[in-house]
Amino acid sequence: MASSRASGARLVEHVTKLGEDHPPIALDSVDFTLVDPIAFEARFGHVLDYMARVELEVDRNVLELTTMLPDPPDVDVFFYRDVWQPQEIQHGRILDALQVHLGREHADADLDSVGAKLKVLGALAHLDAFQDVVRMLYYLTGMATERSAVLAYNVLHDGTREMGEHAIAQTVIAPIKRQEPGHYAFYQLSARGLWAELAGWQKWLVRHLRRLSFSPVGVNNDAQRADFGDVMETLAIDEHSDFTAQVARVEMELLWARDKGLPVPAYVTQAFRDALEASRARV
């Protein structure tokens, strides 16, 4: 119990500092100056669109969380309502403004639909023991999402600098990528703490549901799966890359430590492979 209280206090401290140190990025701090907008759009336009859509859909994500978790810990609400959502929505607005500046359409974000599966989870989560299972799935998804974002923004930042687009690299990509690791840290701390408290049957259920539900960040349908594959191609990511291993590292450690010799859960590798195949199939 003392350990649980200490973990909770550490999380509150982390979220408080995250909010204080990283306020939402002001749109007027961004410099959209481009040296070669045509070349930049051709190389990274679809990446910006995908990332903007994912970031803008945080409003729907919050709605999903309120559906899935009827009685979440106070620190979770503090994180996703007061820190994560304001930061992420501003990332989306800035990336979307950049792609419009490049002559593209606004991102087509789905802001208000909650799937039937999540509603079922929310109904079951009124049972405290099952809500802990759902919370664990939320933390695992958050870790994979934020780790993907950290890695993708690093690659995008490098590519933007290589093209000589220093204004975009310094005032758009760099400020966004500085905020993502703190989100990842919240999910990792939360996942490690909760996993240690779960009963054996809860851990079994988490493993089973995670196998069934895993998908790359932002993938909710076949078209988005192919779009993610396009992003993978542009950022030189494949299903066997270090990118994939890093996305799943903590998940592998917590859920599958007993499966020695497997660097990445098979369902993660398969999900990334499916995205690449979907992208190549529509070319």
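Structure above, values below:
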{"item": "Complete set of residues in the range 250-268 that are touching a residue at least 24 places away in the same chain (Cβ under 8 Å) and surrounded by fewer than 18 Cβ atoms within 10 Å (Cβ to Cβ)", "result": "256, 267"}
{"item": "Among (1) out of contact with any helix residue (DSSP H, G or I) (no Cβ under 6 Å at 6 or more places or on another chain); (2) under 24 Å from residue 223 (Cα atoms); (3) touching a residue at least 60 places away in the same chain (Cβ under 8 Å), the one test that residue 89 misses", "result": "(1)"}
{"item": "Condition check for residue 199: over 17 Å from the mean Cα position of the chain (by Cα), at pLDDT 95 or above, farther than 30 Å from residue 108 by Cα and of a type in the set (A, V, I, L, M, F, W, C)", "result": "yes"}
{"item": "Selected residue [under 23 Å from residue 110 (Cβ atoms), of a type in the set (A, V, I, L, M, F, W, C), surrounded by fewer than 20 Cβ atoms within 10 Å (Cβ to Cβ) and within 19 Å of the chain's Cα centre (by Cα)] from 217, 231", "result": "217"}
{"item": "Residue under evaluation residue 240, criteria (1) crowded, with 18+ Cβ neighbours inside 10 Å; (2) not in a helix (DSSP H, G or I), criterion not met", "result": "(1)"}
{"item": "Any hit, the range 28-42, residues being of a type outside the set (A, V, I, L, M, F, W, C) and surrounded by 18 or more Cβ atoms within 10 Å (Cβ to Cβ)", "result": "yes"}
{"item": "Residue 121 being touching a helix residue (DSSP H, G or I) at 6+ places or on another chain (Cβ under 6 Å), of a type outside the set (Gly, Ala, Ser), more than 28 Å from residue 44 (Cα to Cα) and modelled with pLDDT under 95", "result": "yes"}
{"item": "Leading residue by the ranking (nearest to residue 31 (Cα to Cα)) among those in the range 157-195 that are buried (at least 17 other Cβ atoms within 10 Å of the Cβ) and among the small types (Gly, Ala, Ser)", "result": "169"}
{"item": "Those residues of the range 43-81 which are hydroxyl-bearing (Ser, Thr, Tyr) and either buried (at least 19 other Cβ atoms within 10 Å of the Cβ) or closer than 28 Å to residue 13 by Cβ (or both), in sequence order", "result": "50, 66, 80"}
{"item": "Selection from the range 27-73 of residues that are without any contact (Cβ under 8 Å) to a residue 12 or more places away in the chain and farther than 17 Å from residue 137 by Cα", "result": "28, 38, 42"}
{"item": "Test set (1) touching a His at 6+ places or on another chain (Cβ under 7 Å); (2) surrounded by fewer than 16 Cβ atoms within 10 Å (Cβ to Cβ); (3) modelled with pLDDT of 95 or more - residue 84 fails condition number", "result": "(2)"}
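Let's see how each residue does on (1) closer than 16 Å to residue 138 by Cα; (2) out of contact with any Pro (no Cβ under 7 Å at 6 or more places or on another chain); (3) not in a helix (DSSP H, G or I):
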position	(1), (2), (3)
205	yes, yes, no
208	yes, yes, no
218	yes, yes, yes
226	no, yes, no
257	no, yes, yes
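The values are calculated or read from the model by the stated rules, or taken from the named source; none is laboratory data. No experiment lies behind these values; they were computed from the predicted model shown. When we count neighbours, we look across all protein chains shown, and the Cβ atoms used for this are built from the backbone with ideal geometry, even at glycine.
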